[in-house]
Amino acid sequence: MRLDDVVRAARPPLAEAGPRKIPWDDPAFSARMLREHLTQDHDGASRRAASIDAHARWLHDEVLRERASRVLDLGCGPGLYTARLAALGHDCTGVDFSPASIEHARAQAAGAGPGRARYVLGDVCRRISAGRTTS
């Protein structure tokens, strides 16, 4: 399955006959999707940087009222929102089960110096305890 197939689908892919799981945790699929999340060519996986900047600023200003807050970003992908909110002074934890996305997010957070963004590799459909997923 390609991203274009999902974006152009007349109905959600999970509505087809039988349960189907998108393989986010498969290393090869995870790496391909990371490339799609980081591209500035389309808004198919993640929004372009200017939109993400505006969304994060709106969350900071309007929702969090410019007060340092704890933010849990479930399905954080490569941490695009988490990183921006952390840069605005929030204590953020991002959770995703795409290994490539979490690896990218952690590398970006490490390169940014001491920050308030932490990333957990985990499936949000399962309980998460101390950074590890459990059934």
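The table below gives the values:
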| item | result |
| --- | --- |
| VAL120 long-range amide H proximity, modeled H, under 5 Å | GLY94, VAL95, ASP96 |
| Charged-residue dipole, Cβ positions (Lys, Arg, Asp, Glu), the range 63-112 about Cα centre, Debye nearest 20 | 180 debye |
| Estimated distance in nm for a label pair at ALA107 and LEU38, the labels positioned 7 Å out from Cα along Cα-to-Cβ | 0.6 nm |
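A short reminder: the numbers here are calculations on the coordinates, not readings from a lab. Just so we're clear, the structure is a prediction, and the values are computed from it rather than from any experiment. Neighbour counts run over all protein chains shown; Cβ positions are idealised from the backbone, glycine included.
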